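Step one of this worksheet: look at the structure below.
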Amino acid sequence: MAPSIIDIDQTVLRNHPVFRVCDPGELEKIETSKKVVEFQKEKPIFMRDDPAEAIFCLCRGTAKILKYNPWKKSEQLIYLAKEGEVLGLSSILSQPTYPYTAIPLDTVQGYFVPRADIVQLMEKYPRLSLRIMKHVCLEIETVERQISSLARKTVSQRVAEVLLTLYNRFGTDPHQHLQIKLSRSELAELANTTPLNLSRTLKQFQRQGILLVGRNQIQLLAPSRLMELSG
């Protein structure tokens, strides 16, 4: 059961590096005036090409970010957003619609801040526009670098890199199981491979003593080996 939304700490903007140029008291007034909402697993927070009327401050849970792949002619999982992140920020500057789809991987709680509130902040704090622009450029650069990196690597290298990223970003429990639970198809999508190739690679890693595979669980026995294998 997800924690009560009454217990949500509405401080995402105040803790986000982009908004450090703004007065914390002003951000507090904006954030605490917003209603916290909850999205169940797989219920979209927003869809690609929906009108970008607000940003979403993610307080609890994890959201899948899916971007349209023109070669596959479908949306592809490219990123996992976790608590403390702001979704839809790239739309504030110029785009009238969201450039990607955000879907909860598990129960997600957070709150929307209307575009008008952010525009008012940008008018009051001119440096905010530049910080948002830099943040968006960095996001784009990171995704492009990730796609380019995966395109040059073998399946084994790609799977190792994805597992290492999940390990570094989400951590493990006391038994070294990855904290984040992904389906085989989701994991395969992140590694830009097929579920069949993913399964073969995980079995190969298991034979090498790098990990153990369970039902929707991966136990990392030798994370340092993933670094070596990721190339």
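The values are calculated or read from the model by the stated rules, or taken from the named source; none is laboratory data. Just so we're clear, the structure is a prediction, and the values are computed from it rather than from any experiment. Cβ coordinates were reconstructed from backbone atoms using ideal geometry, including for glycine residues, and neighbour counts include every protein chain displayed.
Out of 172, 154, report the one residue that is out of contact with any Gly (no Cβ under 6 Å at 6 or more places or on another chain) and within 24 Å of residue 68 (Cα to Cα). Result of the check over 172, 154: 154. Selection of first residues in the stretch 139-156 that are touching a residue at least 24 places away in the same chain (Cβ under 8 Å) and of second residues that are charged (D, E, K, R), restricted to Cβ pairs under 9 Å at least 6 apart or on distinct chains, gives the following pairs, ordered by first then second residue: 143/67; 146/161; 150/158; 150/161; 153/161; 155/200. For the stretch 91-106, the set of residues classified as among the hydroxyl-bearing types (Ser, Thr, Tyr) and more than 14 Å from the chain's Cα centre (by Cα) consists of 91, 94, 97, 98, listed by residue number. Taking the numbered list (1) at pLDDT 95 or above; (2) under 26 Å from residue 84 (Cβ atoms) in turn, residue 202 passes all entries but (2).
Only residues that are touching a helix residue (DSSP H, G or I) at 6+ places or on another chain (Cβ under 7 Å) and either in the same structural domain as residue 194 (by TED's automatic domain parsing) or surrounded by fewer than 12 Cβ atoms within 10 Å (Cβ to Cβ) (or both) were counted in the stretch 124-148, giving 1. So, residue 95, is that one polar (S, T, N, Q) and in a loop (DSSP other than H, G, I, E, B) or not? When the stated conditions are applied, residue 95 passes them.
Here's the yes/no breakdown for (1) in contact with a Leu (Cβ under 9 Å, 6 or more places away or on another chain); (2) closer than 30 Å to residue 95 by Cβ:
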{"position": "127", "(1), (2)": "no, yes"}
{"position": "145", "(1), (2)": "no, yes"}
{"position": "154", "(1), (2)": "no, no"}
{"position": "159", "(1), (2)": "yes, no"}
{"position": "171", "(1), (2)": "yes, no"}
{"position": "194", "(1), (2)": "no, no"}
{"position": "197", "(1), (2)": "no, no"}
{"position": "203", "(1), (2)": "no, no"}
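Of all the criteria given as (1) out of contact with any strand residue (DSSP E or B) (no Cβ under 9 Å at 6 or more places or on another chain); (2) farther than 25 Å from residue 63 by Cβ, the one not satisfied by residue 212 is (1).
Taken over the stretch 114-168, the residue count meeting the criterion of being under 30 Å from residue 178 (Cβ atoms) and assigned to a loop (DSSP other than H, G, I, E, B) is 2.
Only one of the listed residues (217, 208) is at pLDDT below 95 and not basic (Lys, Arg). That residue is 217.
The residues of the stretch 87-105 that are of a type in the set (Val, Ile, Thr) and either crowded, with 22+ Cβ neighbours inside 10 Å or at pLDDT below 90 (or both) amount to a single one, 92. The strands (runs of 3 or more DSSP E) located wholly in the stretch 1-86 that include 1 or more residues which are in the same structural domain as residue 103 (by TED's automatic domain parsing), out of contact with any Phe, Trp or Tyr (no Cβ under 9 Å at 6 or more places or on another chain) and surrounded by 16 or more Cβ atoms within 10 Å (Cβ to Cβ) occupy 37-39, 54-60, 74-82.
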